[in-house]
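The values are calculated or read from the model by the stated rules, or taken from the named source; none is laboratory data. For clarity, every value in this text was computed on a predicted model and none was experimentally measured. Note: ideal-geometry Cβ built from the backbone for every residue, glycine included; neighbour counts use all protein chains shown. These area figures cover heavy atoms from the full protein model, side chains too; ligands, DNA and RNA do not enter into them. Shrake-Rupley method; radii C 1.70, N 1.55, O 1.52, S 1.80 Å.
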Amino acid sequence: MQEGSPMHTKVLIIADDLTGALDSAVGFAAPGRRVMVARSPEDVAETWATRPDVLAVNTSSREISAEAAAARVTRALKALSPDDFDVVMKKVDSRLKGNPAAETAALARWAGRARQVACPAIPEMDRRVEDGALVGAGVADPIPVASRFDDPVEVPEISTDAELDRLVADTPDSPLWIGARGLSFALARQLGVTAPPDTGLAAPVMIANGSRDPVTLAQIAALPDSLTRIEAPDGSASDAVPTPGQPLALTITDGGGALPGAEAARRFAETIARTAQVARPGALVICGGESAQAALDRLSVTSLQIIAELRPGLPLCRIDTAWGPVDIVTKSGGFGAPGLLAEIVDAAGTR
């Protein structure tokens with residue numbers, strides 16, 4: 001990989017969902033390096049104007065048609081010039097779901113990089129590339145990599161982080177990189193970022209759980225009894241009056257209204273924003289991808305600055321609110337051990 005001064009290397013990451021944008025960009029977080037995520041193609045120009053070293057863009061395009069996905073990527077790139085970036089990466093789902101071919105082709109045309117290296121391996125999750133296919137944990141049948149793309153791509157054999165590091169170090173001509181968390185962290189290590197800074201959350205913590213996944217429900221149940229709990233049937237909790245300065249957990253529940261998921265998510269996002277304005281938390285942990293997107297919309301957040309990784313897979317961001325700076329953590333519903341949220345709340349305020 002080409003390097004100038006590592007701290008001045010500019011990196012662009014295009015991802016098809018917010019979780020992927022955060023999870024791939026967090027590897028570059030380090031003191032003195034500004035890492036920003038634009039939440040939509042329309043937010044790219046404003047986010048790029050903050051002069052980040054690393055710009056990740058969420059196109060929210062995994063669940064739409066290939067044609068529409070390519071159009072979103074193209075729209076996201078309109079405010080940018082390929083000459084501004086030393087490293088360009090297409091972040092793809094580690095099991096190659098969504099529209100990797102159409103989105104990568106659109107990015108390749110813009111970047112003008114004929115060589116494309118596809119490596120979705122994540123060794124820390126025991127996902128490897130062997131004989132040109134993705135195998136390992138969570139992969140029922142081998143997934144051929146090259147056939148998921150329209151353009152010719154190189155598919156290196158990767159089983160370990162050390163092999164990823166060698167791949168990046170031995171590739172001097174700045175190709176279009178295609179991969180997931182494993183590749184982005186290897187690219188960051190090549191720039192001298194060995195690990196995101198270790199930190200905790202500001203206090204008090206507000207947990208907003210919009211997920212019904214059993215993993216997250218077990219984490220909510222394991223929270224300490226001293227923490228205030230507020231239920232939001234079908235997303236609404238109009239009678240709840242949280243105590244400012246105290247930790248709390250707000251959880252969506254089944255209110256029996258048989259509401260469509262999108263409507264319940266909209267109501268819950270409004271409840272999150274209203275509750276936060278009263279509780280004035282120092283940190284907001286949002287569980288569930290749809291809830292995170294909707295809540296950030298209600299809080300008028302167009303971009304996120306990544307400052308650390310709270311735990312593997314839990315990027316820590318910071319936003320400005322009417323009551324001051326707030327730490328933001330987004331967590332997927334099925335992620336983490338039963339005691340994860342309790343550990344986070346217990347450690348808050350220690351930095």
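Compute the orientation-averaged projected area for the stretch 78-179 from the convex hull of its Cα atoms and round it to one decimal in nm². Could the numbers behind the result be given before it?
Working: hull surface 26.2 nm².
Computed as one quarter of the Cα hull surface, the answer is 6.5 nm².
Across the chain, C-alpha contacts under 8 Å between residues 6 or more apart give a mean separation that, scaled by the residue count, equals a relative contact order of 19 percent. A Cβ-based charge dipole, computed about the Cα centre of the stretch 10-60 with Lys and Arg at +1 and Asp and Glu at -1, lands at about 320 debye. As a length-normalised measure over Cα pairs under 8 Å and 6 or more apart, the relative contact order of the stretch 1-158 settles at 21 percent. Based on the reciprocal of the average 1/r between different C-alpha atoms, the Kirkwood radius for the stretch 107-239 equals 18.4 Å.
If you wrap the tightest convex hull around every Cα atom of the chain and split its volume per residue, you get 131 Å³.
In a reduced charge model with +1 at each Lys and Arg Cβ and -1 at each Asp and Glu Cβ, the chain shows a dipole moment near 660 debye about its Cα centre. For the stretch 60-130, the equivalent ellipsoid derived from the Cα gyration tensor has semi-axes of 22, 17, 10 Å, listed largest first.
Using a 1.4 Å probe, what is the accessible area per residue for the chain, in Å²?
For the chain, the per-residue accessible area is 41 Å².
Pairs of Cα atoms nearer than 8 Å and 6+ residues apart set the relative contact order; for the stretch 231-351 it is 22 percent. Full extension of the chain between residue 165 and residue 10 yields a length gain of 53.9 nm, computed as 0.36 nm times the residue separation minus the alpha carbon distance. Values of log10 I(q)/I(0) for the stretch 230-351 across q = 0.15, 0.20 Å⁻¹ run -0.69, -1.27, by the Debye formula with one identical scatterer at each alpha carbon and no solvent. Note that the stretch 17-29 has calculated 3J(HN,Hα) couplings of 8, 5, 4, x, 4, 5, 5, 7, 7, 5, x, 8, 5 Hz, one per residue in order, obtained from phi through the Karplus relation 6.51 cos²θ - 1.76 cosθ + 1.60 (θ = phi - 60°); glycine and proline are x. The length gained by stretching the chain between residue 302 and residue 114 to full extension, at 0.36 nm per residue less their Cα-Cα distance, is 64.5 nm. Estimated purely from DSSP H runs of n ≥ 4, each contributing -39500 (n - 2.57), the mean residue ellipticity at 222 nm for the chain is -8500 deg cm²/dmol once divided by its residues.
Counting lysine pairs in the chain that sit 8 or more residues apart in sequence, or on different chains, and whose Cα atoms lie under 21 Å apart gives 7. Near residue 284, the amide H atoms lying under 5 Å from its own belong to 206, 327, 328, 329; only residues 5 or more places off or on other chains count, and H is placed 1.01 Å from N.
What ranking do 148-160, 25-37, 281-293 get when scored by the average of other Cβ atoms within 10 Å per residue, highest first?
Details: 148-160: 17.3, 25-37: 21.8, 281-293: 23.8.
Top to bottom by mean Cβ count within 10 Å: 281-293, 25-37, 148-160.
Could I have the simple spin-label model distance between residue 42 and residue 133, label points 7 Å from Cα toward Cβ, reported in nm to one decimal? For residue 42 paired with residue 133, the spin-label model returns 4.3 nm. For the chain, the longest principal axis of the C-alpha atoms and the axis of helix 261-279 are separated by about 70°. Placing pseudo-labels 7 Å out from each Cα toward the beta carbon at residue 221 and residue 337 gives an inter-label distance of 1.8 nm.
Using the Cα centre of the chain as origin and beta-carbon charges of +1 (Lys, Arg) and -1 (Asp, Glu), tell me which of 310, 52, 14 is placed farthest towards the positive end of the dipole. Value computed over the given set: 52. Relative to the longest principal Cα axis of the chain, at what angle does helix 66-77 sit, 0 to 90 degrees, rounded to 10? Rounded to the nearest ten degrees, it is 90. The share of accessible area on the chain that comes from carbon and sulfur is 50 percent, using a 1.4 angstrom probe. The long axis of helix 100-111 is offset from the longest Cα principal axis of the chain by roughly 70 degrees.
Looking at the chain only, what percent of DSSP beta bridges run antiparallel? Nearest 5 please. Numbers along the way, then the final one.
On the way: 24 of 66 bridges.
Bridges in the chain are about 35 percent antiparallel.
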